[in-house]
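See below for the structure under consideration.
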Amino acid sequence: CGVFGVIGVADAANFVALGMHALQHRGQEAGGIVAHDPEKGFNSAHRFGYVRDNFTKASLMEALPGPLAIGHVRYSTAGSKAAVIRDVQPFFGEFSLGGAAVAHNGNLTNAEALRRELIEHGAIFQSSSDTECIIHLMARSYQKTHPDRLADALRRVEGAFSIVAMTDTALIGARDPMGVRPLVLGRLGDNAYVLSSETCGLDIIGAHFVREIAPGEMVVIQNGKIESSRPFHASQSRFCIFEHVYFSRPDSIIGGRSVYETRRQIGVELAREAPVEADLVCPVPDSGTPAAIGYSQESGIPFALGITRNQYMGRTFIEPTEQIRNMGVRLKLNVNRSLVQGKRVILVDDSVVRGTTSRKIKEMILDAGAAEVHFRIASPPTAWPCFYGVDTPDRSKLLAARMSEDEMRDWIGVDSLKFISLDGLYRAAGEAEGRNSACPQYCDACFSGEYPVAPADQIAKGFEM
Ligand code: 5GP
Ligand code: SF4
Ligand code: MG
C-alpha cells in the first residue's frame with residue numbers, strides 16, 4: 001500500500017490525490033482520502049480503482065476541503081480479497097477527544113489475536129482489515145492526547161507498519177521499530193509538511209525531501225512544528241529488501257540510494273555471478289529493466305527491448321485472483337518477433353514467485369523463434385511467504401519452496417535459470433561486505449525464511465518457520 005499526508009496548504013486533499021497518484025504502483029485496488037477543515041470538520045471519500053479515475057473529479061474534491069488531509073492507496077494483503085469498500089482506508093474514528101484518521105502500509109502479524117480480544121471486550125469491527133485494530137486500541141487507551149493514544153496502540157501491535165494519521169489539528173507519522181516499510185518527510189514552501197511512502201510522492205507536488213522517518217520514530221506535526229519521539233523499545237532496523245528489488249518506484253531514493261541504481265547494480269552482480277554466452281539481454285518489462293541494463297553493461301551483451309508491455313494494464317500480481325493473474329501475462333506482454341528470431345536471449349526479471357509468468361514468457365519467446373532462452377532473476381528464489389505487507393502466496397504455491405534451481409529450470413523449460421545470491425543482492429543494495437548473517441541489515445524473510453518478527457497469527461494457525 002501507499003500512504004500520504006499534507007498539512008498547511010489550502011485544499012490539502014488535492015495535494016494528497018497527486019501524492020497517491022505517484023504512489024499508485026503500491027496499490028491499485030482502491031484509494032481513500034480524509035480531510036479536515038476548521039469550519040466543515042472531517043470529510044472523507046473512499047473509492048475503488050485508480051486515483052486518476054476518482055480523485056480528479058471537481059465535485060468529489062470540493063467535498064474534501066481543508067488544510068489537512070491524508071490518503072491511502074490499497075493493495076490487499078490482509079483482510080478480505082473481495083472488493084469491500086469498508087476495507088478501504090484511511091479509517092476514521094470519533095473519540096472523546098475528537099476525530100482521528102489512520103492510514104497504514106504494512107501488515108500486522110498479531111491482528112487476528114488482537115481482534116478476538118477486542119471483540120470479546122465489546123469492540124464492533126466495521127472491516128476485515130488488520131489496521132482497524134489500531135482504531136479500537138486507540139479508543140481503549142487512557143492517554144490524554146491522540147498521539148499518545150496512537151503510540152499506546154502501536155505498542156500493542158506486532159509486524160510492519162508505516163502509519164500516516166491525522167487529528168483535527170495534527171498530521172502524524174510513525175514507523176515500526178524495524179522500519180520494514182518506507183516513510184519520508186517532506187516540506188512544501190515555508191509552512192507545509194508532507195509525509196509520503198516514497199520520495200516520488202514528494203517530487204510530484206514539488207515538495208523538498210527533508211529526511212526519512214526513522215525506524216521506531218513517531219512525528220507529530222502541528223502549528224508549523226515537528227515533534228519527534230521514540231515510543232517503542234529500540235530494535236535493529238530491518239527494511240524490506242524487496243522494496244529495492246521490486247516494490248518501490250525506481251525514481252525513489254531510499255536510505256540515500258537511488259532505487260534505480262540498486263536495481264542496475266543487481267544486474268551487474270548477476271552478470272558476474274551467472275554469465276552466459278548470448279546475443280541479447282532483454283528485460284521482462286517493466287520491473288526487470290534496470291537489472292537488464294546492468295547485466296548488459298557488465299557483460300557487454302547488447303540490451304534490447306525484446307518484449308513490449310501494454311502500458312494500460314496494471315501490475316499483474318496486484319490483481320488479487322489467480323484467474324486474472326493467469327490471463328494477465330498475455331494481456332500485458334508481447335514479444336518483438338523480428339528482434340529475437342534466431343537469437344540466444346537472456347531474459348532478466350525481478351522475481352519468480354509462482355513461476356507462471358516465466359513459463360508463459362518462455363513460451364512466447366520460443367514461439368517467436370528464439371534459439372535459446374536464459375533466465376536471470378534479480379532476487380534470490382522466493383521460498384517463503386511475506387507477512388509484512390507484500391502479497392506472496394503461501395508456500396504450496398511458491399515454486400522455489402517445492403523445487404531446486406535445476407528443477408525450476410526444467411519446469412519453466414529454459415536453457416538456464418540463475419538467481420542472484422543473497423550476498424550479491426546485499427552488495428547491490430550498498431552493503432559492501434554482503435549480508436551479515438549474524439544480524440542481517442534488511443528483512444529478507446521471503447528468501448531466507450528468517451522472519452525478524454515471529455508471525456504470531458500464522459504460527460497459531462500451524463505455520464512452521
Ligand atoms: P510468477 O508468475 O512467478 O508468480 O510472478 C513473477 C512475476 O510477476 C515477476 O515479474 C513479479 O514482478 C511478479 N509477481 C507475480 N506475482 C507476484 C507476487 O505474488 N508477489 C510478488 N512479489 N511478485 C509477483
Ligand atoms: Fe520484504 Fe520479503 Fe521481508 Fe516481506 S518477507 S518484508 S517482501 S523482504
Ligand atoms: Mg514483473
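The values are calculated or read from the model by the stated rules, or taken from the named source; none is laboratory data. Just so you know, these numbers come straight off a predicted model, no measurement behind them. FYI the Cβ positions are ideal-geometry reconstructions off the backbone, even for glycines, and counts take in every protein chain you see.
Summary of values
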quantity: Elements of type strands (runs of 3 or more DSSP E) in the range 182-266, at least 3 residues being of a type outside the set (A, V, I, L, M, F, W, C) and over 17 Å from the mean Cα position of the chain (by Cα); calculated: 225-229
quantity: Filter result (closer than 21 Å to A113 by Cβ, assigned to a loop (DSSP other than H, G, I, E, B) and without any contact (Cβ under 8 Å) to a residue 24 or more places away in the chain) within the range 434-462; calculated: K461, G462
quantity: Top-ranked residue of the range 249-267 - restricted to ones that are basic (K, R) and farther than 18 Å from G300 by Cα, ranked as surrounded by the fewest Cβ atoms within 10 Å (Cβ to Cβ); calculated: R257
quantity: Residue within the range 293-308 that is outside the structural domain of G201 (by TED's automatic domain parsing), in a strand (DSSP E or B), within 16 Å of ligand 1 (Cβ to nearest atom) and over 15 Å from F375 (Cα atoms) present; calculated: yes
quantity: Subset of the range 343-372 (residues that are within 16 Å of ligand 2 (Cβ to nearest atom) and over 23 Å from R264 (Cβ atoms)); calculated: R354
quantity: Any hit, the range 361-372, residues being within 16 Å of ligand 1 (Cβ to nearest atom), in contact with a helix residue (DSSP H, G or I) (Cβ under 8 Å, 6 or more places away or on another chain) and closer than 22 Å to R249 by Cβ; calculated: no
quantity: Qualifying positions in the range 400-409 - in a helix (DSSP H, G or I) and over 22 Å from the mean Cα position of the chain (by Cα); calculated: A401, R402, E405, D406, E407, M408, R409
quantity: Selection count, the range 424-433, where residues are touching a residue at least 12 places away in the same chain (Cβ under 8 Å) and away from ligand 2 (no atom under 15 Å from the Cβ); calculated: 3
quantity: Criterion violated by V259 - all others in (1) within 16 Å of ligand 3 (Cβ to nearest atom); (2) aliphatic (A, V, I, L, M); (3) over 27 Å from G449 (Cβ atoms) satisfied; calculated: (3)
quantity: Of all residues in the range 88-107 being surrounded by fewer than 24 Cβ atoms within 10 Å (Cβ to Cβ) and touching a residue at least 40 places away in the same chain (Cβ under 8 Å), the one that is farthest from Y142 (Cα to Cα); calculated: V88
quantity: Verdict on V51 being out of contact with any His (no Cβ under 6 Å at 6 or more places or on another chain), modelled with pLDDT of 95 or more and not polar (S, T, N, Q); calculated: no
quantity: Hey, F447 in contact with a strand residue (DSSP E or B) (Cβ under 8 Å, 6 or more places away or on another chain) and buried (at least 17 other Cβ atoms within 10 Å of the Cβ) or not; calculated: no
quantity: Count of residues meeting criterion [away from ligand 2 (no atom under 13 Å from the Cβ) and within 24 Å of N436 (Cβ to Cβ)] in the range 231-242; calculated: 5
quantity: Qualifying strands (runs of 3 or more DSSP E) (wholly inside the range 332-394; at least 1 residues being modelled with pLDDT under 95 and within 16 Å of ligand 3 (Cβ to nearest atom)); calculated: 333-335
quantity: Residues being surrounded by fewer than 22 Cβ atoms within 10 Å (Cβ to Cβ) and at pLDDT below 95 - total across the range 276-331; calculated: 26
quantity: Tabulated pairs, the range 177-194, first touching a residue at least 24 places away in the same chain (Cβ under 8 Å) and within 14 Å of ligand 2 (Cβ to nearest atom), second of a type in the set (S, T, Y) and in a strand (DSSP E or B), C-beta under 6 angstrom, 6+ apart or interchain; calculated: R181/S162
quantity: Wholly enclosed helices (runs of 4 or more DSSP H) of the range 1-88 bearing at least 3 residues in contact with a Phe, Trp or Tyr (Cβ under 9 Å, 6 or more places away or on another chain); calculated: 12-22
quantity: Meets criteria (surrounded by fewer than 24 Cβ atoms within 10 Å (Cβ to Cβ), assigned by TED's automatic domain parsing to the domain that holds I7 and at pLDDT 95 or above) for D148; calculated: yes
